[in-house]
1. At 0.36 nm per residue, and after removing the present C-alpha to C-alpha distance, how many nm does the segment from LYS134 to ASP187 gain when stretched out fully?
2. So if I place +1 on the C-beta of Lys and Arg and -1 on the C-beta of Asp and Glu, and nothing else carries charge, what would the dipole magnitude of the chain be about its Cα centre? I want it in debye, nearest 20.
3. Rounded, prolate or oblate for the range 180-248? Axes are the square roots of the Cα gyration tensor eigenvalues, ordered a ≥ b ≥ c, and the cut-off for rounded is a/c under 1.5.
4. If you count only protein heavy atoms with a 1.4 Å probe, what accessible area per residue comes out for the chain, rounded to a whole Å²?
5. Please state the shape class of the range 1-101: rounded when a/c is under 1.5, otherwise prolate if a/b exceeds b/c and oblate if not, all from the C-alpha gyration tensor.
6. For the chain, what does the alpha-carbon gyration tensor say about shape, rounded, prolate or oblate, given a ≥ b ≥ c as the root eigenvalues, a/c under 1.5 as rounded, and a/b over b/c as prolate?
7. Quick one: if you stick a label point 7 Å off each Cα along the C-beta vector at LEU86 and GLU234, how many nm between them?
8. Counting pairs of alpha carbon atoms under 8 Å apart in space and at least six apart in sequence, what relative contact order in percent does the chain give?
Amino acid sequence: MILFPAIDLKGGQCVRLKLGDMQQATVYNTDPAAQARSFEDQGFEWLHVVDLDGAFAGHSANGDAVEAILKATDNPVQLGGGIRTLDHIERWLSRGLRRVILGTVAVRNPALVIEACRKFPGHVAVGIDAKGGKVAVEGWAEASELGIIELARKFEGAGVAAIVYTDIDRDGILAGINWNSTLELADAVSIPVIASGGLASLDDVRRMLQPDARKLEGAISGRALYDGRIDPKEALALIKAARAKETA
């Protein structure tokens, strides 16, 4: 089980949005590389990065900040937002990114995702962002008629490393993870699922460590870490203790 700290990039700065609204952005750090180092120093093992501007633009828009992050941390980094072509994927992986997250293109062109998994095994994740139970695309700005599980099942057997599932209706408002929807998705597919959107407290971390949630790869935390609602040392100690219990 992994707790992924999040760095969301807007205009080269670390921000958090409220309900996916670019007009409701709070700046938490003007130096993304320093934030990445801080998360590593705190003991986190992975880093989740989103190029928010890129998600809307359809191409990388915070490339300099992402490259600075990659140079600043030894932790593996997964990146989503504006990655829409095989060339984009190859370029980022060649620069040291561990995993790309494909969202809009997974809806628009699932064949490209399957081809990417074949060319870059173990390095491709799918981002499924849901609003009102339906998949949203283009930086959450557009809703589709596609169901969450319907989309996820298109990639069964393709070699997708993980599904990052975000409930937009809870993102950035500290309302808690939508565990029902997240676990329903995890039960429906064999692909590991990462929970995102709304992780608010240590209670959510404890919930993530319950037996029925251990099928998840982990969860992403943003605002709760930045606001100090989750103490990194305590959260990581809970996860370490759960791992030790599993292997005992």
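The values are calculated or read from the model by the stated rules, or taken from the named source; none is laboratory data. Predicted model, so just to flag it, every value in this text is computed and none were measured. In this analysis, Cβ positions are derived from the backbone assuming ideal geometry, glycine residues included, and neighbour counts consider all displayed protein chains. SASA here: full protein model, heavy atoms, side chains in, ligands and nucleic acids out. Shrake-Rupley method; radii C 1.70, N 1.55, O 1.52, S 1.80 Å.
1. 17.3 nm
2. Values: 28 positive and 33 negative charges, 82 e Å.
Value, rounded to 20: 400 debye.
3. Values: a/c = 2.43, a/b = 1.21, b/c = 2.01.
Oblate is the answer for the range 180-248, as a/c is 1.5 or above yet b/c matches or exceeds a/b.
4. Details: 10400 Å² over 248 residues.
Per-residue value: 42 Å².
5. Details: a/c = 1.59, a/b = 1.03, b/c = 1.54.
It comes out oblate by the Cα gyration axes.
6. On the way: a/c = 1.29, a/b = 1.09, b/c = 1.18.
It is rounded, given that a/c, with a ≥ b ≥ c, falls under 1.5.
7. Placing both labels 7 Å along Cα→Cβ, they lie 4.9 nm apart.
8. Numbers: 533 pairs, mean separation 44.0, N = 248.
In percent, rounded to a whole number, it is 18.
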